[in-house]
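J.: The structure that follows is given in the form of structure tokens.
The values are calculated or read from the model by the stated rules, or taken from the named source; none is laboratory data. Values in this document were obtained by computation on a predicted structure and should not be read as measured data. FYI the Cβ positions are ideal-geometry reconstructions off the backbone, even for glycines, and counts take in every protein chain you see. Please note that ligands, DNA and RNA were not included when accessible areas were found on the heavy atoms of the full protein model with its side chains. Shrake-Rupley method; radii C 1.70, N 1.55, O 1.52, S 1.80 Å.
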Amino acid sequence: ARKCILSGLWKNELGSNMTISAVNTDGGFTGLYHTAVTATDKHIRVSPLKGSQKPTNQRKQLTFGFTVSWTFSNSMTVFVGQCFMDDKGKETLKTMWLLREEVSSPGDDWKATRVGTNIFTRI
Ligand SMILES: CC(=O)N1C(=O)N[C@@H]2[C@H](CCCCC(=O)O)SC[C@@H]21
């Protein structure tokens, strides 16, 4: 049966895109994330991502997670999600993410984390 493979080029509905490298034997992968939007006033630059996925040997629609350490701001995003494949073999990554901004004091911690959902499809 065909399986979702995370490696390759993906885009989301915001217009952000990411490239995921080959997934190694323990499920680890790296890549690059180019966000189309930012919560800061900084110039957007490509940022590294690191993640892992469940092994695909015994499953088709794998779960995964990855972290993006933004190169142009002091914030960090973690994504978790699952790869789904329709009967035509089209893959979709349904994800949720947490964006943590760096705030100046513990008193501002309450407003430092944003959450969202997002869908990636292959470019
Ligand atoms: C997938 C999705 O919804 N998002 C996406 O593609 N870009 C935005 C955020 C970009 C943060 C840039 C760094 C910063 O603003 O400090 S991460 C979640 C959201």
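J.: Give me the percent relative contact order of the chain, please, defined on Cα pairs under 8 angstrom at least 6 residues apart.
T.: Result for the chain is 21 percent.
J.: In a Gaussian network model over the chain where Cα atoms closer than 10 Å are linked, find which of S75, S21, S105 has the largest mean-square fluctuation.
T.: Ranking S75, S21, S105 by mean-square fluctuation puts S105 first.
J.: What's the longest uninterrupted piece of the chain once you rule out the trypsin sites (Lys or Arg not before Pro) that are loop residues per DSSP with at most 16 other Cβ within 10 Å?
T.: 4-41
J.: Roughly speaking, to the nearest percent, how much of the chain's 1.4 Å accessible area is carbon and sulfur?
T.: Exposed carbon and sulfur together represent 56 percent of the surface.
J.: Report the Stokes-Einstein translational diffusion coefficient (µm² s⁻¹, integer) for the stretch 45-111, Rh taken as the Kirkwood radius over Cα pairs, at 4 °C with viscosity 1.567 mPa s.
T.: D = 92 µm²/s.
J.: How would you classify the chain from its alpha-carbon gyration tensor, with a ≥ b ≥ c the square roots of the eigenvalues: rounded for a/c under 1.5, else prolate if a/b is greater than b/c, otherwise oblate?
T.: prolate
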